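The values are calculated or read from the model by the stated rules, or taken from the named source; none is laboratory data. Predicted model only: the values in this text are computed from it and were never measured. Counting neighbours? That spans all protein chains shown, and the Cβs are built from the backbone with ideal geometry, glycine included. Side chains included, ligands, DNA and RNA excluded: accessible areas come from the protein's heavy atoms. Shrake-Rupley method; radii C 1.70, N 1.55, O 1.52, S 1.80 Å.
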Amino acid sequence: MNSEEEFYDAVTGFDSDNSSGEFSEANHKCPEMLDLEPHQSNKTEKHNGETEIQENGIKRHRTSLPAPMFSRSDFSVWSILKKCIGLELSKITMPIVFNEPLSFLQRITEYMEHIYLINKACSHTDPLERMQAVAAFAVSAVASQWERTGKPFNPLLGETYELTREDLGFRFISEQVSHHPPISAFYSEGLNKDFIFHGSIYPKLKFWGKSIEAEPRGTITLELLKHSEAYTWTNPTCCVHNVIIGKLWLEQYGVVEIINHSTGDKCVLNFKPCGLFGKELHRVEGYIQDKNRKKLCVIYGKWTECLWCTDPTTYETYKKNEKRGSEPKKKSSEEDLKSENDEADEMPEVQDSVQFIPGSKLLWRINCRPPNSSQMYNFTSFAVSLNELEKGMEAILAPTDCRLRPDIRNMENGNMDVASREKERLEEKQRAARKERAKDEVEWHTRWFHQGTNPYTGTGDWLYSGGYFDRNFSDCPDIY
């Protein structure tokens, strides 16, 4: 085994003899998915989903949902969407079977799954390394959406979600601040007062016949307090294909620009569309440049797998050599692919995985998913824990918290008919409340966020007003 193989084994945990220097979606399995000896399994796991205290005093969150995913095979989305081509979908009511048992506010919280990357950024003294860690965090934020084709519940106006994870060192609060258009605002801070992460998101959904596209709007801001730095960016566009017929599949595409407003450094990440033959599926390529536009490093990988960085000269040399070596094979490879992908919107087969360029540094890799993830809406372990309602928690949560929504709770428990009725009841209650406010000429007032200007971009934003964790919930609205 040569030094390159040893390096790869060290950073990925995979045997380079099996991976051939590649990190693939097919090979990326959790230890729990393999045949391990009993002593290698998680001894503290409870199969009934209850929380358990580990020896170090940290709570172990549940590892499964109360009920398996409901089959969607007997339902057709076409009957609902056929009149909506080219329209904005936020006002369209979808059957509950196409949902997943999480609110969009909880889906936003999944940004925090890879918070260790923020901690890394805080610890680095080199601004280039900080930008690399922030770029990896921005990519990791969309990784949990891989194979997640269920739609999160639209938050009700005034709905909130909080999460405190002492083991991960953060607390998080979000609020649905507008219903039409739907806008979700969030704020998170490190328990060690080392970072602030906040933003507002307005996903613009459109139906294009065979696919549904979610265009992200709104600014995401990360402040590293120790370094007096602020980074801003927006997420790539997300598209779900084959909503009418065939296997649903998802891709992310678009250019994401991360700006360090203190140093002037910029990271440009190109989430590539899959293309006609699927060769670019899930690929991310980009670079970091300084304020004088000098390229400092190149970033490459897949948002579904991992992210690497290397110096620009090494990257360009490798790409030139790769192109020269692959040209004779290109024609036959594309001919084989063409016959397999006659349908334009068919899920393309995963092509060659992320090829490790010698000398590259690993920035991030995707977390393992639970072995039964396919029966749990393809949730990550982090997502599985988000709607967990521990004993005594209801007494301290805001009455508007997502965990208390009866439609989501019943769907999670497998009570689909009850969940559907509760969803209709809550939507009707929201409409009635809106009519009553209009009749009395009363404006809606948000509780935890207010409209303002992002101090770094100068654009409109929703900013945290503070006070949530004082837990004075006496004036919270009755939305459930």
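Table for the structure above
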item: Filter pass, Pro181 being open to solvent by 10 Å² or more (accessible area, probe 1.4 Å) and more than 28 Å from Asp475 (Cβ to Cβ); result: no
item: Flag for Glu394 being surrounded by fewer than 22 Cβ atoms within 10 Å (Cβ to Cβ), within 30 Å of Arg62 (Cα to Cα) and at pLDDT 95 or above; result: no
item: Identity of the residue in the range 427-480, of a type in the set (A, V, I, L, M) and open to solvent by 70 Å² or more (accessible area, probe 1.4 Å), that ends up farthest from Ala230 (Cα to Cα); result: Ala438
item: Residue list for the range 103-161, filter: farther than 25 Å from Glu215 by Cβ and in contact with a His (Cβ under 6 Å, 6 or more places away or on another chain); result: Arg130
item: Selection status of Ser420, more than 23 Å from Leu157 (Cβ to Cβ) and either in contact (Cβ under 8 Å) with a residue 40 or more places away in the chain or open to solvent by 80 Å² or more (accessible area, probe 1.4 Å) (or both); result: no
item: Lone unmet requirement of (1) open to solvent by 40 Å² or more (accessible area, probe 1.4 Å); (2) at pLDDT 80 or above; (3) touching a Cys at 6+ places or on another chain (Cβ under 9 Å) for Gln252; result: (1)
item: Scan of the range 100-117 for residues that are part of a loop (DSSP other than H, G, I, E, B) and of a type in the set (Lys, Arg), ordered by number; result: none
item: From the options Ile173, Ile201, Ile196, residue that is β-branched (Val, Ile, Thr) and open to solvent by 30 Å² or more (accessible area, probe 1.4 Å); result: Ile196
item: Residue, farthest from Ser64 (Cα to Cα), within the range 394-443, restricted to residues that are basic (Lys, Arg) and touching a strand residue (DSSP E or B) at 6+ places or on another chain (Cβ under 9 Å); result: Lys423
item: Residue satisfying condition, being among the polar types (S, T, N, Q), touching a residue at least 24 places away in the same chain (Cβ under 8 Å), closer than 19 Å to Ala133 by Cα and open to solvent by less than 20 Å² (accessible area, probe 1.4 Å), within set Ser262, Ser188; result: Ser188
item: Qualifying positions in the range 357-374 - open to solvent by 20 Å² or more (accessible area, probe 1.4 Å) and either modelled with pLDDT under 90 or part of a strand (DSSP E or B) (or both); result: Lys361, Leu362, Arg365, Asn367, Cys368, Arg369, Pro371, Asn372, Ser374
item: Count of residues meeting criterion [farther than 13 Å from Asn454 by Cβ, open to solvent by 50 Å² or more (accessible area, probe 1.4 Å) and hydroxyl-bearing (Ser, Thr, Tyr)] in the range 204-237; result: 1
item: Residues being open to solvent by less than 20 Å² (accessible area, probe 1.4 Å) and outside any loop (DSSP other than H, G, I, E, B) - total across the range 379-391; result: 3
item: Check on Phe104, open to solvent by 10 Å² or more (accessible area, probe 1.4 Å), at pLDDT 60 or above and under 21 Å from Ser200 (Cβ atoms); result: yes
item: Residue list for the range 198-219, restricted to those being more than 22 Å from Gly460 (Cα to Cα) and in a strand (DSSP E or B); result: Lys206, Phe207, Ser211, Ile212, Glu213
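To keep it simple, each residue is scored yes or no on (1) closer than 25 Å to His282 by Cα; (2) assigned to a loop (DSSP other than H, G, I, E, B).
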site	(1), (2)
Arg148	yes, yes
Asp167	no, yes
Phe172	no, no
Thr221	yes, no
